[in-house]
Amino acid sequence: MNWFTCRNFFFSLFLLFTLSASSQIRFFPPKGTSEVFQPVEFCLKKDVCKGNPFTETRLQGKFTDDKGEQLHIEGFCDAQDGSEYKLRFTPTREGIYTYVLTLSDNNKERTFKGKMEVRPSDRKGFLRIDSLYPSHFVWEGTGEHYFWNGTTAYWLMGWKDESVIRTAIDRLASLKVNRIRVAISGRQDDGKRWYEPMVKESEEFTFKLNPWLAEAPDDLDNPRFDVTRFNIPYWQKLDRLVQYAGEKGIVVSLIFYVDGLEHGCDPFKKEKMGGDDEKRYYQYATARYAAYNNIMWDIANEYHLFRNEKWVETMGPYLYSIDPYKHLISVHGNESFPFRTSPWVNMVMYQSWDECGGFEFMMECRDKQAATGRVLPQINEEYGYEGHYPPWGCGPEATKEQGGRSADNRRRLAWEIYMAGGYQTTGERADDGTGAGKDTGGGWINGRGNDSMTMLKGYAVIRDIFEQTEYWKMQPMPELVNYGNLCLAEPGKQYLVYSRIQHCRLKLPSGQDYSVTMINPRTGMKTDLGVINSDKALGGWQYPGELKDDCAFILKRVK
């Protein structure tokens with residue numbers, strides 16, 4: 001069921017408006033009552049615009065709750081000819097809201113006024129930084145913590161049949177993925193650009209994304225975009241993608257450019273970067289998607305390849321300022337992040353490959369962030385995808401050889417990142433192909449997978465294990481375990497141990513009883529090891545045997 005419905009509700013009891021005698025505008029407000037954190041949509045239909053509806057007409061809304069707090073919302077054109085405008089609003093508290101919508105067109109202003117009742121709800125609300133534990137995330141509405149388990153699907157919008165998009169989302173949701181990276185603008189010839197030759201253009205899939213109208217939309221390098229006019233069917237398709245992902249519990253990270261240096265992806269180039277036309281692109285996306293609770297913003301992917309830090313410090317604050325709901329926002333670069341103290345940043349993202357992006361790296365990142373006096377979540381957004389073997393990595397010790405970036409190796413690296421108190425985004429192998437080979441995959445490039453692609457099952461187990469704890473209260477304490485093993489701890493209360501060697505021992509405070517659960521991190525199988533006393537265990541606990549593979553243990557104090 002879609003979140004937004006235009007209801008044919010004309011001249012409602014609570015509606016007061018004025019119209020020009022020469023121009024008829026039909027106004028469709030949401031009907032009846034709404035709920036807290038439930039997006040609602042207002043529609044206006046009018047005569048066809050004789051000029052440019054994206055630059056010459058503007059729809060704005062002012063919403064005031066019964067406590068006097070106001071929120072200003074921008075609407076957007078949703079018809080290529082300018083005959084329809086929409087505005088999406090999400091109430092964040094119960095009560096009676098009054099609203100005033102203003103349509104500015106041809107030097108005229110028309111106002112539409114009304115009221116709407118908002119009931120309480122149990123909806124999750126917007127995703128926020130936990131104010132008590134700011135390395136982690138929490139849903140504003142329910143207070144439920146969000147354990148970030150992400151994957152990459154840059155060209156998910158490249159599928160021409162939207163049922164393929166929905167099937168891909170269904171599969172990822174079944175594997176407990178709750179965040180996907182999706183490009184708004186990107187253009188490529190095929191997967192050879194990233195040493196993935198089995199992903200190609202086909203009758204079912206294209207690398208050529210067209211968020212603007214183009215004279216030559218199929219021209220890879222010179223589509224001749226009109227950056228003042230948006231391609232409405234494309235954005236409506238993205239609407240449906242975001243909505244469906246939300247229904248499946250998945251947050252969509254909307255990336256404004258992927259590989260902006262390549263081909264015709266970036267119509268602004270450095271000469272026009274940060275200008276009015278580029279800002280209109282960011283503003284239009286914000287108007288369409290800010291009311292959704294399941295989105296976050298990525299200013300650009302690998303910005304350093306086609307932009308500079310000054311540009312990031314222009315577009316980041318701009319996007320943050322125009323988002324009325326202040327979604328999570330960051331930018332993707334490399335192993336450094338020069339924006340740690342920027343007020344618009346509320347999560348820190350890196351790209352550090354292979355073992356160089358594991359436990360030690362994430363611990364160093366946490367320390368650098370803490371030194372600023374502002375704690376934020378730390379994410380390794382890209383650390384080498386499964387089965388992806390280009391000649392880059394983290395140096396001579398990187399796992400560049402075939403088999404090194406296996407599903408198991410990626411899973412173990414994910415454990416390292418999580419055990420450092422950070423988060424990660426992975427990517428599935430793409431060798432089953434799109435338009436080539438079995439033509440049943442696409443993996444990290446376009447999000448499609450099949451039953452032979454099993455890597456994310458291990459990640460689902462990680463999420464399940466962490467969600468059996470109050471992980472947000474724990475800190476990395478590798479000093480409590482023997483060499484090579486990792487530990488998260490809320491000392492004296494709960495411990496999560498990730499054992500990577502044959503033996504596992506944990507230091508514990510004296511005189512306490514703990515329940516011990518052993519979990520296979522590959523299958524999720526649990527074994528109850530009973531209750532132990534730290535004094536009887538001589539100041540700690542040790543697994544009474546030799547481990548054959550990596551293993552997880554949860555210890556919780558028995559009150």
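The values are calculated or read from the model by the stated rules, or taken from the named source; none is laboratory data. Note that the structure is predicted; figures quoted are calculated from it, not measured. When we count neighbours, we look across all protein chains shown, and the Cβ atoms used for this are built from the backbone with ideal geometry, even at glycine. All accessible areas refer to the heavy atoms of the entire protein, side chains included, with ligands and DNA or RNA removed. Shrake-Rupley method; radii C 1.70, N 1.55, O 1.52, S 1.80 Å.
Within segment 48-58, identify whether any single residue is assigned to a loop (DSSP other than H, G, I, E, B) and closer than 21 Å to residue 293 by Cα, and answer yes or no. Walk me through it before giving the result.
Step one: list which residues in segment 48-58 are assigned to a loop (DSSP other than H, G, I, E, B), which gives 48-56.
Narrowing the set further to residues that are closer than 21 Å to residue 293 by Cα leaves none.
The answer is no, given that none of the residues of segment 48-58 is assigned to a loop (DSSP other than H, G, I, E, B) and closer than 21 Å to residue 293 by Cα.
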*Conditions: (1) closer than 27 Å to residue 160 by Cα; (2) part of a loop (DSSP other than H, G, I, E, B). Residue 391 meets all but one. Number of the miss?*
(1)
*Determine if segment 99-115 includes at least one residue that is out of contact with any Pro (no Cβ under 9 Å at 6 or more places or on another chain), open to solvent by less than 10 Å² (accessible area, probe 1.4 Å) and over 23 Å from residue 330 (Cα atoms).*
yes
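Any chance you could count how many residues in segment 507-525 are in a strand (DSSP E or B) and either more than 20 Å from residue 412 (Cβ to Cβ) or aromatic (Phe, Trp, Tyr) (or both)?
So the answer is 6.
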*What are the residues in segment 31-66 that are open to solvent by 20 Å² or more (accessible area, probe 1.4 Å) and out of contact with any Gly (no Cβ under 9 Å at 6 or more places or on another chain), if any?*
31, 32, 33, 35, 38, 45, 55, 62, 64
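So, residue 193, is that one within 26 Å of residue 78 (Cβ to Cβ) and open to solvent by 70 Å² or more (accessible area, probe 1.4 Å) or not?
On the way: within 26 Å of residue 78 (Cβ to Cβ): no; open to solvent by 70 Å² or more (accessible area, probe 1.4 Å): yes.
No: the conditions fail for residue 193.
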*List the number of the failed condition for residue 522; all other conditions in (1) in contact with a Gly (Cβ under 9 Å, 6 or more places away or on another chain); (2) open to solvent by less than 30 Å² (accessible area, probe 1.4 Å); (3) at pLDDT 95 or above; (4) of a type outside the set (A, V, I, L, M) hold.*
(2)
*Only one residue in 27, 54, 76, 112 is within 26 Å of the chain's Cα centre (by Cα) and closer than 30 Å to residue 276 by Cβ. Which one?*
76
*Considering segment 67-89 alone, what residues qualify as being assigned to a loop (DSSP other than H, G, I, E, B), touching a Gly at 6+ places or on another chain (Cβ under 8 Å) and aliphatic (A, V, I, L, M)?*
none
*Among the residues of segment 338-354, how many are within 15 Å of residue 424 (Cβ to Cβ) and of a type in the set (Phe, Trp, Tyr)?*
2
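Look through segment 5-30, keep the residues that are of a type in the set (Gly, Ala, Ser) and either part of a strand (DSSP E or B) or surrounded by 12 or more Cβ atoms within 10 Å (Cβ to Cβ) (or both), and return whichever of them is modelled with the highest pLDDT.
Step one: of segment 5-30, the residues of a type in the set (Gly, Ala, Ser) are 12, 20-23.
Adding the requirement that they be either part of a strand (DSSP E or B) or surrounded by 12 or more Cβ atoms within 10 Å (Cβ to Cβ) (or both) leaves 12, 20, 23.
Numbers: 12: 36, 20: 36, 23: 59.
Applying the filter and picking the extreme gives 23.
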*asked:* Condition first: in a loop (DSSP other than H, G, I, E, B), surrounded by 18 or more Cβ atoms within 10 Å (Cβ to Cβ) and either among the acidic types (Asp, Glu) or touching a Ser or Thr at 6+ places or on another chain (Cβ under 9 Å) (or both). Can you find one or more residues in segment 210-231 that meet it?
replied: yes
*Restricting to segment 110-164, what's the tally of residues that are touching a residue at least 12 places away in the same chain (Cβ under 8 Å), of a type in the set (Gly, Ala, Ser) and within 30 Å of residue 194 (Cα to Cα)?*
3
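Only one of 350, 325 is touching an Asp or Glu at 6+ places or on another chain (Cβ under 6 Å) and of a type in the set (Ser, Thr, Tyr). Can you tell me which? Before you say what the answer is, go through the steps one by one.
Numbers: 325 fails: touching an Asp or Glu at 6+ places or on another chain (Cβ under 6 Å).
That would be 350, the only listed residue that is touching an Asp or Glu at 6+ places or on another chain (Cβ under 6 Å) and of a type in the set (Ser, Thr, Tyr).
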*Failed item in (1) surrounded by 15 or more Cβ atoms within 10 Å (Cβ to Cβ); (2) in contact with a Leu (Cβ under 9 Å, 6 or more places away or on another chain); (3) assigned to a strand (DSSP E or B), with residue 92 passing the rest*: (3)
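Counting only residues that are open to solvent by 40 Å² or more (accessible area, probe 1.4 Å) and either closer than 18 Å to residue 464 by Cβ or small (Gly, Ala, Ser) (or both), how many does segment 481-514 have?
Narrowing segment 481-514 to residues open to solvent by 40 Å² or more (accessible area, probe 1.4 Å): 482-483, 491, 493, 500-503, 505, 507, 509-511, 513.
Retained after the next criterion (residues that are either closer than 18 Å to residue 464 by Cβ or small (Gly, Ala, Ser) (or both)): 510-511.
Within segment 481-514, residues that are open to solvent by 40 Å² or more (accessible area, probe 1.4 Å) and either closer than 18 Å to residue 464 by Cβ or small (Gly, Ala, Ser) (or both) number 2.
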*Quick one: residue 495 ticks every box in (1) part of a strand (DSSP E or B); (2) at pLDDT below 95 bar one, so which box is it?*
(2)
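Go through segment 79-89 and give me each residue that's touching a residue at least 40 places away in the same chain (Cβ under 8 Å) and either open to solvent by 10 Å² or more (accessible area, probe 1.4 Å) or under 23 Å from the mean Cα position of the chain (by Cα) (or both).
First pass over segment 79-89, keeping only residues touching a residue at least 40 places away in the same chain (Cβ under 8 Å): 79-80, 84-89.
79, 80, 84, 86, 87, 88, 89, listed by residue number.
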*Does residue 239 satisfy the criteria of being surrounded by fewer than 22 Cβ atoms within 10 Å (Cβ to Cβ) and farther than 21 Å from residue 326 by Cα?*
no
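Residues to consider are 437, 441, 449, 458; find the one that is surrounded by fewer than 17 Cβ atoms within 10 Å (Cβ to Cβ) and either over 19 Å from residue 549 (Cα atoms) or touching a helix residue (DSSP H, G or I) at 6+ places or on another chain (Cβ under 9 Å) (or both).
From the options 437, 441, 449, 458, the qualifying one is 437.
Does residue 310 satisfy the criteria of being of a type in the set (Lys, Arg), closer than 26 Å to residue 250 by Cα, open to solvent by 10 Å² or more (accessible area, probe 1.4 Å) and modelled with pLDDT of 95 or more?
Values: of a type in the set (Lys, Arg): yes; closer than 26 Å to residue 250 by Cα: no; open to solvent by 10 Å² or more (accessible area, probe 1.4 Å): yes; modelled with pLDDT of 95 or more: yes.
Considered against the rule, which asks whether it is of a type in the set (Lys, Arg), closer than 26 Å to residue 250 by Cα, open to solvent by 10 Å² or more (accessible area, probe 1.4 Å) and modelled with pLDDT of 95 or more, residue 310 comes out as no.
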